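Report on the structure given below.
The values are calculated or read from the model by the stated rules, or taken from the named source; none is laboratory data. Quick caveat, the model's predicted, so the values are computed rather than measured. So basically every Cβ, Gly included, is an ideal-geometry build from the backbone, and we count neighbours across all protein chains shown. Side chains included, ligands, DNA and RNA excluded: accessible areas come from the protein's heavy atoms. Shrake-Rupley method; radii C 1.70, N 1.55, O 1.52, S 1.80 Å.
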Amino acid sequence: MNLYEAIFVRKSVRSYSMETLPPQTLDKIWEHYQETPGLFSGIATDMAILDNRKGQEKMLSIFSVKAPYYLAFYSEESERYLMNAGYLMEQMVLYMCSIGLGTCFIGSSKVKKGENEKNGKRLVGLIAFGKSKGAHTRKQSEARRLPLEELCVFKEVPRQWMSQILEAARLAPSSMNSQPWRFVVYDNRIHIFSKKYSVEKLKKWDEVNFGIMFANMMVVAEEIWLDVDLIRLGDISQKNFPNNQYVLSAILKA
């Protein structure tokens with residue numbers, strides 16, 4: 001299984017065996033992180049593997065999913081740094097799924113003192129991982145997601161590769177399964193919007209959610225040899241939309 005295939009079968013795992021993973025597996029996870037590009041250049045990030053095999057991360061186990069290990073992601077604070085973090089986190093989640101590990105995004109940030117920052121960067125995200133007690137994958141049809149017809153406004157008939165990009169975006173995980181993205185689709189471009197929420201807690205995670213979704217899009221683009229430019233178009237960003245907020249546009253080139 002590769003990252004592209006993992007998009008369509010990965011599921012969130014909430015029940016883990018507390019067994020130790022081989023050092024080679026943890027080394028591979030580190031190596032993959034070091035080779036993983038961010039969404040935006042120039043944002044300094046870091047990662048740590050937190051060991052919870054003996055229950056060292058008690059606060060995490062109380063407030064969220066108990067797992068033998070957690071990936072902790074750190075970042076400097078700059079424009080769109082949370083979106084960049086979500087982009088990195090999703091790529092790591094897909095990689096771990098591809099090598100047979102279960103994963104789950106964690107909403108809690110209650111870690112031990114000293115783990116809230118690393119090398120001057122602050123903690124921005126956590127992922128539980130390890131050997132799952134059951135299956136770490138599911139059928140694509142079992143994913144509880146809105147259909148594309150509810151997420152998209154089609155201005156033109158999309159090409160086949162456009163449909164693959166949109167399906168991967170549709171399947172992206174999001175906080176509380178909020179699926180905040182909405183798409184206006186043309187022949188070779190997608191204008192991407194975020195639903196406006198009245199709940200502040202959901203707004204906080206929107207940038208992470210969109211980073212996760214963009215990771216799915218870019219993994220598919222690489223798989224099918226498609227160039228994608230993510231840009232912010234000034235003429236759209238100046239407009240006011242009552243129910244949605246403009247995020248970025250994806251320009252696709254075969």
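Dipole orientation for the chain: of the candidates Ser98, Leu126, Tyr81, Leu126 has the Cα lying most toward the positive pole (charges on Cβ; Lys, Arg +1; Asp, Glu -1). Within the same chain, lysines fewer than 8 places from Lys195 are excluded, and of the rest, those with a Cα less than 22 Å from its Cα are Lys155, Lys203, Lys204, Lys239. Across Phe154, Phe183, the residue with the most accessible area heads the list, and the full order at a 1.4 Å probe is Phe154, Phe183.
With all protein chains in place and ligands, DNA and RNA left out, the 1.4 Å accessible area ranks Glu31, Glu115, Glu76 as Glu31, Glu76, Glu115, largest first. For the chain, DSSP calls about 90 percent of its internal beta bridges antiparallel. Here the relative contact order of the chain, from alpha carbon pairs under 8 Å that lie six or more residues apart, stands at 22 percent. Close amide H pairs (under 5 Å, H built 1.01 Å from N) link Tyr69 with Asn52, Phe129, residues at least 5 positions away or on another chain. Available extension along the chain between Ala48 and Gln140 is 30.0 nm, counting 0.36 nm per residue and deducting the alpha carbon span.
Note the angle between two axes, namely the Cα long axis of helix 81-98 and the longest principal axis of the Cα atoms of the chain, as a number of degrees from 0 to 90, rounded to the nearest 10. The two axes meet at around 70 degrees. Measuring r between the beta carbons of Arg14 and Glu117 and using R0 = 30 Å, the FRET efficiency lands at 0.65. Between Gln160, Gln91, Gln34, the residue with the greatest mean-square fluctuation in the GNM of the chain (Cα pairs under 10 Å linked by springs) is Gln160.
Accessible area of Cys152 (1.4 Å probe, protein heavy atoms only, ligands and nucleic acids ignored): about 10 Å².
State in Å² the accessible area per residue of the chain; use a 1.4 Å probe, count heavy atoms of protein chains only, and round to the nearest integer.
50
Each principal axis of the Cα atoms in the range 134-198 has its own extent, and those three values, largest first, are 42, 34, 14 angstrom. When Glu5, Glu79 are compared by accessible surface with a 1.4 Å probe, the order from highest to lowest is Glu79, Glu5. Think of each Lys and Arg Cβ as +1 and each Asp and Glu Cβ as -1; about the Cα centre, that makes the dipole of the chain roughly 1060 debye. Applying a threshold of 19 Å to the alpha-carbon distances of Lys28/Lys131; Lys139/Lys196; Lys54/Lys112; Lys54/Lys131; Lys54/Lys113 flags Lys139/Lys196 as lying beyond it.
Over the residues of the chain, the helix contribution to mean residue ellipticity at 222 nm works out to -10500 deg cm²/dmol, using -39500 (n - 2.57) for each DSSP H run of at least 4. Under the convention that each Lys and Arg Cβ holds +1 and each Asp and Glu Cβ holds -1, the size of the dipole of the range 80-146 around its Cα centre is about 160 debye.
To put it simply, the accessible area of the chain at a 1.4 Å probe is 49 percent carbon and sulfur. Across the range 7-86, Cα pairs under 8 Å and at least six residues apart give a relative contact order of 36 percent.
Structural size metrics of the range 133-254, computed from C-alpha coordinates, are Rg and Dmax of 14.6, 50 Å. For the chain, modelled as a GNM whose springs connect Cα atoms under 10 angstrom apart, the maximal fluctuation among Trp225, Trp161, Trp181 occurs at Trp225. Solvent exposure of Phe241, expressed as accessible area, is near 60 Å², computed with a probe of 1.4 Å over the protein chains only. For the chain, the longest principal axis of the C-alpha atoms and the axis of helix 23-35 are separated by about 30°.
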